[in-house]
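Below: one structure, written as C-alpha cells.
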Amino acid sequence: MLLVQGADPDSFGAGYSALHAAILRGDRDTVAALLANGADPNTRLEKANPVQRASEDWVLKAPLIGATPYWIAASFREAEIMKILVGGGANPLLTSLEQFERPRDRAAREDLKPLRVLGGFESALQAAIKGDSTRQRFYVTPNPNPAAEEQLSLAAVRAAIEHGVNLDHTDHNGSMAIHDASLRLLPNVIRELAEGGADVNVRDGMGRTPLDLAIASERRPNFFGFDTSIPGQTATEVLLEFGALRSDQFKL
C-alpha cells in the first residue's frame with residue numbers, strides 16, 4: 001500500500017533501506033515488491049541497528065556495514081532471496097568492504113595513525129559459508145539441527161556459484177571459500193566446492209591448507225560444549241578424498 005501511494009523504496013534515513021530490512025526478516029514477497037517498484041538492489045548498508053546484549057531482537061549488526069543486499073542475503077543463507085535479487089538487477093560479484101579495527105581500540109592508543117584494515121573484501125560465496133540463518137539472534141544457544149543449517153549454507157553456496165561468484169576469490173586475509181568451509185567443518189559444502197574445481201591444497205594468507213584448518217577445528221572442543229557435528233563424512237575425510245594435504249606434507 002505504501003509503495004502504491006508513492007513511498008520511496010530507497011528511503012535511507014536510518015542508514016539502511018526497506019530492502020535491507022525485508023532481507024533481515026526473510027520476507028521474499030516484500031523484497032520482490034520493493035524491487036518491482038524501483039528499489040536499488042545494490043545499496044550498501046551504512047549503519048547497524050542498536051543491539052542489546054543477550055536479546056532476540058531482529059537487527060542488522062555492525063559486521064554487515066558496507067554489505068550489499070545480495071551479500072546480506074547470502075550471509076543469512078537465503079538462497080531464494082538471492083535469486084530474487086539477481087532477477088531485480090543485483091550484482092552478485094560485489095564483495096564486502098574492508099573491515100577496520102574498532103575505533104575504541106584506536107582511542108586506547110596515543111598515536112593518531114589511520115585505523116588498520118583487519119579483514120574484509122569477502123565474496124557472497126564466503127558470506128554464505130560464514131553466515132548464520134538465525135541472524136545470531138539467540139545468545140549462547142546451540143543450533144538444534146546443524147545438518148539442516150549446513151543444507152541452508154549449501155543452497156546459498158550453489159546460488160552464489162550459479163550467479164557467477166568466483167570460487168577462487170581471495171579476501172583481505174588471503175582466505176578462499178574452501179578455507180572458510182574447512183574451518184567451519186562443512187563437509188557437504190567442501191564437496192560442492194571441490195567438485196566445482198576449488199583447489200583443496202591452496203594456502204591461505206598464513207600458509208595453511210584447507211586440511212590444516214579442518215584438522216585444527218576437529219581437534220578444538222566447542223567452547224560451550226555443544227555438539228555441532230554433521231552426520232556422515234567429516235570435513236577431513238572429504239578433503240582427503242579429493243587429495244588434500246597438510247602444509248607440512250609438501251616437499252620442499
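Every number here is computed from the coordinates shown, using simple stated rules; none is lab data. Since we're looking at a predicted model, the values are computed, not measured. Every residue, glycine as well, gets a Cβ built from its backbone with ideal geometry; the counts of neighbours run over all protein chains shown.
Numbers at a glance
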quantity: Fewest-first ranking of W58, W71, using other Cβ atoms within 10 Å as the exposure measure; calculated: W58, W71
quantity: Dipole magnitude of the chain, debye to nearest 20 (Cβ charges: Lys/Arg +1, Asp/Glu -1, about Cα centre); calculated: 600
quantity: Where Rh is the Kirkwood radius over Cα pairs, Rg/Rh for segment 147-252; calculated: 0.96
quantity: Radius 12 Å from Cβ of F121, net charge of other residues (Lys, Arg +1; Asp, Glu -1); calculated: -3
quantity: GluC sites (Glu not before Pro) lying in DSSP loop within segment 1-93, provided at most 14 other Cβ fall within 10 Å; calculated: E46, E56
quantity: Label assignment, Rg and Dmax of the Cα atoms in Å derived from the structure, set (1) 19.2, 69; (2) 18.1, 59; (3) 18.9, 65; calculated: (1)
quantity: Leading residue at positive end of dipole, segment 63-249 (Cβ point charges), from G131, G66, A147; calculated: G66
